Amino acid sequence: MTASATSRLALSSFLFVALLAFGTRDSLGQNEPLGDEFIFFAEGSHVLIPEFGATIVTDPTDAANKVARFAFGNWTAPGWRWQIDGNPAVDASANVSETVGEGDTLYFRIWVDAANAGQSGVSLTFFDSIDETAPDLADKDVEFRAVWTLPAWTRDGQWHDVALPLPPSTTAALDSAKVGKNVDGTVLTVAADTLLNYWDYPGGFVGSVNTFVDRGHPQYKDFGWTDLRGLAVFWDNPPGTPGGDIFLDDVYIGGPTTDISRAQSAPPAMGAVSVAADGSDYVISWSLLQDVEGYKVYVSDQPISSVGKTAAGEVVPIATVASPTSEVRHGPEFPHASLCCTLYYAVTTSNLWGLENLDVTASATEGTNPDATVAPFITMLTAAEGDELFNNVQSETVSPGALAAWRPFEVNSSHSKGADGGLPEGGDVDNSAKLWMGIYYDASQEINEMYIYAEVTDDVNAFAPNMVDPGDPSSCGGNVCGNTHWSYHSVELSWGSYDVPWL
């Protein structure tokens, strides 16, 4: 061997090849209307909204009730988002009006930790669409806000039922309504609800240029109700400001006759499910059931008797689909031939708010696919290969060596695991990487090594400095960065004695 185990352990080096490039994002098409009645949350969250930033927990005052918990932070906006990872925004323009009394109402129950009392920046906030890829501020799509600051009387650690009229659709109409007038100066024919006074259209923050576009700014515009990005519980306060969690329940847009009971009732249990092989995919299919609006498909490498963490192994959800979909394709990549090729599946029924019937007695089944993909990402190196890579590291030779013959991990902002598939042509020019990994083990010489070779593509071709002043914009390319890793993309390697199911 070329070096002892001791000398090898003393040497640690990660080699990165950084490529400087720039990219663009495709524009979004016409958005789908939100609808006259839309339920965000009942016993669960609407499953067709791509992101739900809260957790579902037991009501702090009623053990039989499930609610949404929004975790406190000095600057955080957990909530529901449609426009994320390429998904479009929605059109809520039909839910609002310039005329007071003609828009829809946002209904909800809210419980606010009293630790939030006195904060100026705690609210329910709608955000419109965002696209900051254009170089000039005038061409950026600013994420404007429609902010309802939580009244003091909500911040007492008790539940409150709120029927909140959505604000008039424009800044001018909202300002006029607050003084009892229409935009044309005439007196309102319908008195404005006092809750209207807590609404505001303050503008929006443009992170790429560290600018808040507020009223009076030349780029300020009316809120984009045709391009609604999401609804969030929003804390916007300086670091160290005290606060606490907020809970929401029965959140929906509609009217006094809106029936949310269908979102609170579990559907009938799933029947028999079949699994067939099609190329490298497993195809899970079933017959549609009445009164079922959604289906959730689970997989495990052990027979399934119940879903969730079990003694036999973890049962992993792989898809949630809405009726009338009755088929899901699963293309797992087995990390080793010894794990191929039998998998176990089960399907539960749910409503569109994720409330499941967890009975899998009839739906649990198994499937085998001899043509399934076996794609190991980490190779066991031979002695010669281990020596080659060690010598490369020792001599600072930038080369994948023996690892080049193996498939790399490919990661970017929307690809976090091998089963996501490869990156787009050219990769993601602003935050992507290919990583090759290999292990060399020789028990006789007590050598146990992992080698990692990475090629990273990013628009910042520099290592982060040892220290960055969070308040110094010059240290973060003109932005007040707060945390170094927000301004310098990085590869983070986490080590721990815990199980990560390959499925």
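The values are calculated or read from the model by the stated rules, or taken from the named source; none is laboratory data. Values in this document were obtained by computation on a predicted structure and should not be read as measured data. A quick note on method: Cβ atoms are made from the backbone with ideal geometry, for glycine too, and the neighbour counts reach across all protein chains shown. The area values use the complete protein model at the heavy-atom level, side chains included, leaving out ligands, DNA and RNA. Shrake-Rupley method; radii C 1.70, N 1.55, O 1.52, S 1.80 Å.
For segment 356-423, what does the accessible surface come to per residue with a 1.4 Å probe? Please give it in Å². Spell out each step's value before the answer.
Values: 3540 Å² over 68 residues.
Here the per-residue accessible area is 52 Å².
Mean sequence separation of contacting Cα pairs (under 8 Å, at least six apart), scaled by the length of segment 126-197, corresponds to a relative contact order of 19 percent.
Taken along the Cα-to-beta-carbon direction at a fixed 7 Å, the label points for GLN445 and ILE84 span 4.9 nm. Relative contact order of segment 345-452: 23 percent, from C-alpha pairs under 8 Å at least 6 residues apart in sequence.
Comparing segment 34-82 with the 2.2 N^0.38 Å rule of thumb, its C-alpha radius of gyration ratio is 1.26 (two decimals). At full extension, ALA134 and LEU339 could sit 69.1 nm farther apart than now, given 0.36 nm per residue minus the alpha carbon distance.
Here MET380 and THR189 are evaluated by their C-beta separation; at R0 = 56 Å the FRET efficiency comes out at 0.10.
Taking only the C-alpha atoms of segment 128-229, the Rg (one decimal) and the largest Cα-Cα distance, Dmax (whole number), read 16.0, 47 Å. At full extension, THR258 and ASP175 could sit 27.0 nm farther apart than now, given 0.36 nm per residue minus the alpha carbon distance.
If you take the alpha carbon atoms of segment 300-413 and fit the smallest convex hull around them, that volume is 179 Å³ per residue. In sequence order, segment 157-171 has phi-based couplings of x, 9, 6, 9, 8, 10, 10, 9, x, 5, x, x, 6, 10, 4 Hz under the Karplus curve 6.51 cos²θ - 1.76 cosθ + 1.60, θ = phi - 60°, and Gly or Pro positions carry x. With a cut-off of 13 Å on the backbone N, the residues of segment 214-256 near the modelled label site 7 Å out from ASP36 along Cα-Cβ are 254-256. Structural size metrics of segment 115-163, computed from C-alpha coordinates, are Rg and Dmax of 16.0, 47 Å. A convex hull fitted to the Cα coordinates of segment 180-235 yields 152 cubic angstrom per residue.
Evaluating 6.51 cos²θ - 1.76 cosθ + 1.60 at θ = phi - 60° for every residue in segment 282-297, the Karplus couplings come out as 9, 10, 9, 9, 7, 8, 5, 10, 5, 6, 10, 9, x, 9, 10, 9 Hz, glycine and proline recorded as x.
Remark: the SER265-ASN74 segment gains 65.2 nm on full extension, using 0.36 nm per residue and subtracting the alpha carbon distance. Restricting the calculation to Cα atoms, segment 250-309 yields a radius of gyration followed by a Dmax of 16.8, 52 Å. Under the criterion of Cα pairs below 8 Å and six or more residues apart, the relative contact order for segment 187-292 equals 11 percent.
Placing dummy labels 7 Å off each Cα toward the beta-carbon, the span from SER93 to MET437 is 4.8 nm. Looking at segment 215-246, the trypsin sites (Lys or Arg not before Pro) that sit in a DSSP loop and have at most 12 other Cβ atoms within 10 Å of their own Cβ are ARG215. Evaluating kT/(6 pi eta Rh) at 20 °C and 1.002 mPa s, with the Kirkwood radius of segment 215-332 over Cα pairs in the Stokes-Einstein relation, gives 109 µm² s⁻¹.
In this simple spin-label approximation, GLU51 and GLN290 carry label points 7 Å from Cα along the Cα→Cβ vector, and these lie 4.1 nm apart. Derived scalar couplings between HN and Hα for segment 44-56 equal x, 8, 4, 6, 8, 8, x, 10, 10, x, 9, 10, 8 Hz in order, rounded to whole Hz, by the Karplus curve 6.51 cos²θ - 1.76 cosθ + 1.60 (θ = phi - 60°), x for Gly and Pro.
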